[in-house]
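Peer 1: Sharing a structure, written as structure tokens. Questions coming.
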Amino acid sequence: SAKAEGNAHLKAGRHDKAIELYSLAISIDRQNPVYRSNRSACYQAKGMWAEAAADARECLNLDVNFVKGFLHLVRCQLQLKSLGDAAKTVQSTPMGMLSAQPELAALAQTVRDQIKGAGNAALKVGQHQTAIEHYSLAISLDPTEPVYWSNRSAAYQAKRAWREALGDARQAVKLDKLFIKGHLHVGRCLLQLGSPGEAVSACQDGIASLQEAAQPTATYAPLQELLK
């Protein structure tokens, strides 16, 4: 069959011939997602990311539970630097698919890491609103990761949006009471909001949590410094 021949050519690295045969298979049966998926793999091997993404998308239109379709599409979107689209694709996976598919879960983590990295890069060059948008996207993908909340708090602080920064810092601490940066952000924001008493309590709470967990003194030295 055209598909079997296409597979043989794909395996041998003859991508153009494989594309030709998968295209033939598609023309014979437009409802089979496997042909689109295989042709997407060929396009990816050739670095034709837009074409590969189009096939992956069509593959998912035909079968919303087709795991390889998600894998292909997210990979293509990352190559195309479409982080927002990659995030949407990850969010659109059927319930339970990420936990059941380690390869897809790892790819979703890559998406989150790249979004966080883009946020960090924007923050570094003073593009605070762009950084906030990236961290917000990361939070929408995984609201249980304290680093995303902490980083967004830092971006809000850079904009002097102290209330928003405080809310994010508190969420970071709520998620991980040993997260030193979260405690520091809470203390700094409370100082800026004219609540020195609350800032002192926040720093003391942070130090107490870290001491309770037998963390080395050096870990909470920045909190002691802020207390002074």
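Peer 1: Where nothing but the Cβ of Lys and Arg (+1) and of Asp and Glu (-1) is charged, how large is the charge dipole of the chain around its Cα centre, in debye to the nearest 20? Intermediate values should be presented prior to the final figure.
Peer 2: Numbers: 26 positive and 21 negative charges, 74 e Å.
It works out to roughly 360 debye.
Peer 1: Let me ask something else. What do you reckon, how do 95, 48 stack up by accessible area (1.4 Å probe), largest on top?
Peer 2: Working: 95 195, 48 60 Å².
Result, largest first: 95, 48.
Peer 1: Given the peptides 190-199, 159-168, arrange them by the average over their residues of other C-beta atoms within 10 Å, most packed first. Before the final figure, lay out each step's value.
Peer 2: Working: 190-199: 14.6, 159-168: 17.9.
The packing order, highest mean first, is 159-168, 190-199.
Peer 1: If you fit an axis through the alpha-carbon atoms of helix 146-158 and take the longest principal axis of the Cα set of the chain, what angle between them do you get, 0 to 90°, nearest 10?
Peer 2: Helix 146-158 sits at roughly 60 degrees to that axis.
Peer 1: Among 181, 68, 46, which one shows the highest mean-square fluctuation when the chain is modelled as a Gaussian network with alpha-carbon springs under 10 Å?
Peer 2: 46
Peer 1: Given 38, 144, 117, which one lies farthest toward the positive end of the charge dipole of the chain, if we put +1 on the Cβ of every Lys and Arg and -1 on the Cβ of every Asp and Glu?
Peer 2: 117
Peer 1: Give the value in nm², to one decimal: projected area of the alpha carbon convex hull of region 1-128, averaged over all directions. Mind dumping the intermediate values first?
Peer 2: Values: hull surface 34.2 nm².
With every direction weighted equally, the projected area is 8.5 nm².
Peer 1: Got a number for the accessible area of residue 67? Probe 1.4 Å, square angstrom, nearest 10.
Peer 2: Its accessible surface works out to 40 Å², give or take rounding.
Peer 1: Given R₀ = 25 Å, what would the calculated FRET efficiency be for residue 30 paired with residue 79, taking r from the Cβ atoms and rounding to 0.05? Could the numbers behind the result be given before it?
Peer 2: Details: r = 26 Å, r/R0 = 1.04.
For R0 = 25 Å, the calculated efficiency reads 0.45.
Peer 1: Here's a follow-up. Taking square-rooted eigenvalues a ≥ b ≥ c of the alpha carbon gyration tensor, is region 125-181 rounded, prolate or oblate, where a/c under 1.5 means rounded and, failing that, a/b exceeding b/c means prolate? List each step's numbers first, then the result.
Peer 2: Values: a/c = 2.09, a/b = 1.32, b/c = 1.58.
Here region 125-181 falls in the oblate category.
Peer 1: Also, quick follow-up: Based on the Cβ-Cβ distance from residue 46 to residue 88, what FRET efficiency comes out when R0 is 25 Å, to the nearest 0.05? The partial results should precede the final answer.
Peer 2: Values: r = 25 Å, r/R0 = 1.01.
Computed FRET efficiency for residue 46 and residue 88: 0.50.
Peer 1: Under a plain spin-label model, where a point goes 7 Å from the Cα along Cα-to-Cβ, how far apart in nm are residue 17 and residue 130?
Peer 2: The answer from the label model is 4.6 nm.
Peer 1: Taking only protein heavy atoms into account and a 1.4 Å probe, give the accessible area per residue of region 76-115 in Å². Don't skip to the answer; put the middle values down first.
Peer 2: Values: 2110 Å² over 40 residues.
With the other protein chains kept in place, region 76-115 gives 53 Å² per residue.
Peer 1: When a/c reaches 1.5 or more, the comparison of a/b and b/c decides; with that in mind, is the chain rounded, prolate or oblate per its Cα gyration tensor?
Peer 2: prolate
Peer 1: Mind ranking 128-139, 15-26 by how tightly packed they are, going by the mean number of other C-beta atoms within 10 angstrom, highest first? All intermediate terms of the calculation are to be shown ahead of the outcome.
Peer 2: Working: 128-139: 21.0, 15-26: 19.1.
Result, highest mean Cβ count within 10 Å first: 128-139, 15-26.
Peer 1: Where the centroid of each part is defined by its Cα atoms, how far is region 1-22 from region 125-202 in Å?
Peer 2: 52 Å
Peer 1: Which part of region 173-196 falls in the paramagnetic zone of residue 212, meaning amide N under 20 Å from the point 7 Å along Cα-to-beta-carbon?
Peer 2: It comes to 173-187, nothing else.
Peer 1: Rounded, prolate or oblate: pick one for region 94-228, where a ≥ b ≥ c are the square roots of the eigenvalues of its C-alpha gyration tensor, a/c under 1.5 means rounded, and failing that, prolate if a/b is larger than b/c, else oblate. Spell out each step's value before the answer.
Peer 2: Values: a/c = 2.43, a/b = 1.50, b/c = 1.62.
Note, shape of region 94-228 comes out oblate.
The values are calculated or read from the model by the stated rules, or taken from the named source; none is laboratory data. All of these numbers come straight from a predicted model, not from anything done at the bench. Please note: Cβ atoms are built from the backbone with ideal geometry, for glycine as well, and neighbour counts cover all protein chains shown. Heavy atoms of the whole protein, side chains included, go into the accessibility calculation; ligands, DNA and RNA do not. Shrake-Rupley method; radii C 1.70, N 1.55, O 1.52, S 1.80 Å.
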